[in-house]
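Written below as structure tokens is the structure these notes are about.
Just so it is clear, none of the values below were taken in a lab; they were calculated from the coordinates. It should be emphasised that the depicted structure is a prediction, and the values quoted were computed from it without experimental measurement. Glycine gets a Cβ as well: all are built from the backbone with ideal geometry, and neighbour counts include every protein chain shown.
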Amino acid sequence: MNRRQLMLASAAAFAIGWGGQPIHAEERIDASLVTAMPNAKITLQQALTAAAEHGQPISAKFEVEDGKLQLSVYTAKEGRFSEALVDYVDGKLAKTEFITDDDDLASAKAQSAAMAKAKIDLKTAADKAAGQNPGFRAISVTPALKEGRATATVGLLRGEEPKTVEQALD
């Protein structure tokens with residue numbers, strides 16, 4: 001199952017709305033992620049730094065796959081896209097593989113296009129979003145182009161309370 005299908009399937013199984021507003025499936029968080037997050041000893045921002053040795057980070061998220069917490073960072077380098085799995089306890093790279101799935105590849109290309117217009121990196125965007133929301137930790141960061149401007153959607157979590165914020169990347 002590819003990253004997008006997994007996210008949608010998890011969201012369909014059990015979802016909490018971000019901020020209590022009507023939302024899209026991509027903006028939901030499942031209960032298993034909320035339950036697993038206390039096990040994460042490193043931050044999303046630390047994972048972005050660790051994955052940077054394999055290319056420019058273009059998105060990152062904590063997710064539950066096959067019942068296990070994982071920390072996934074998409075990277076771009078020399079026109080190729082990879083997914084780096086970072087150990088959520090010690091911050092070391094556990095596995096890196098090229099992205100070949102069509103849906104995941106399309107997402108990576110769109111994220112890379114947004115990052116090409118960005119003036120700040122995703123770590124800085126996640127730091128700003130978390131800093132402006134005391135007690136929340138960043139659990140995902142995904143860039144996009146909106147009206148020609150690079151922005152990042154940052155998913156945050158405080159206990160069982162999810163929140164999403166937009167962070168300008170320029």
Those residues that are out of contact with any Pro (no Cβ under 9 Å at 6 or more places or on another chain) and among the polar types (S, T, N, Q), I need them from the range 71-103; list them, please. Ser72, Ser82, Thr96, Thr100
Scan the range 80-135 for residues that are in a loop (DSSP other than H, G, I, E, B), of a type in the set (Val, Ile, Thr) and in contact (Cβ under 8 Å) with a residue 24 or more places away in the chain and report the count. 3
